[in-house]
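First the structure, in the form of structure tokens, and then the observations on it.
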Amino acid sequence: LQCAVTGCQMVPALEVAHIKTIYDERYVSFNNGIILRADIHNLFSQGLITFSYKGDDKIVIEMSHKIMLDIDPYYKKLDGKELMLPQDRSTWPDKDYLEWHHKVRFENWLKYVEFSLIDEVPMHRKKDADV
């Protein structure tokens with residue numbers, strides 16, 4: 001058991017991050033979760049990092065270039081790094097779920113001026129849209 005990003009094996013620091021929001025049983029599966037260290041889980045949930053398949057045998061980290069790469073050199077080193085996943089590919093994250101995360105969650109705060117938990121629709125329109 002380890003963080004797919006950092007390799008951390010300290011169990012109290014690890015959490016299961018859901019990739020696609022769980023509304024019902026449809027999204028409860030191994031392929032909709034990934035084990036992450038708590039700080040990485042928080043960044044992932046807030047859309048500051050995401051993961052993308054590169055071919056069929058590699059998933060890499062993508063950091064938000066809008067904010068994360070300018071804040072902390074530790075996190076900057078993670079950009080483009082390959083995830084550390086089990087050899088059993090049946091437990092790997094679902095490609096469609098990761099694409100959903102990249103499209104809907106990643107840098108969501110830039111699109112809607114706030115974080116939205118709704119799949120395709122922001123909770124509120126951009127403040128300048130009312131003008």
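The values are calculated or read from the model by the stated rules, or taken from the named source; none is laboratory data. Values in this document were obtained by computation on a predicted structure and should not be read as measured data. Neighbour counts run over all protein chains shown; Cβ positions are idealised from the backbone, glycine included. To get the accessible areas, we keep the full protein, side chains included, count just its heavy atoms, and leave off ligands, DNA and RNA. Shrake-Rupley method; radii C 1.70, N 1.55, O 1.52, S 1.80 Å.
For Tyr74, indicate whether it is farther than 18 Å from Lys95 by Cβ, at pLDDT below 90 and not in a loop (DSSP other than H, G, I, E, B). Please lay out each step first, then the result.
Numbers: farther than 18 Å from Lys95 by Cβ: yes; at pLDDT below 90: yes; not in a loop (DSSP other than H, G, I, E, B): yes.
For Tyr74, the condition - farther than 18 Å from Lys95 by Cβ, at pLDDT below 90 and not in a loop (DSSP other than H, G, I, E, B) - is met.
Name the residue that is farthest from Asp56 (Cα to Cα), counting only residues in segment 83-105 that are in contact with a strand residue (DSSP E or B) (Cβ under 6 Å, 6 or more places away or on another chain) and open to solvent by less than 40 Å² (accessible area, probe 1.4 Å). It would help to see each step written out before you state the result.
First, the residues of segment 83-105 that are in contact with a strand residue (DSSP E or B) (Cβ under 6 Å, 6 or more places away or on another chain): 83, 93, 95, 98, 101-102.
Subsequent filtering for residues that are open to solvent by less than 40 Å² (accessible area, probe 1.4 Å) retains 83, 93, 98, 101.
Values: Leu83: 13, Pro93: 12, Leu98: 13, His101: 18 Å.
Within segment 83-105, the match that is farthest from Asp56 (Cα to Cα) is His101.
Can you tell me which residue is modelled with the lowest pLDDT among those in segment 1-60 that are closer than 18 Å to Leu85 by Cβ and among the acidic types (Asp, Glu)?
Checked segment 1-60; the qualifying residue modelled with the lowest pLDDT is Asp56.
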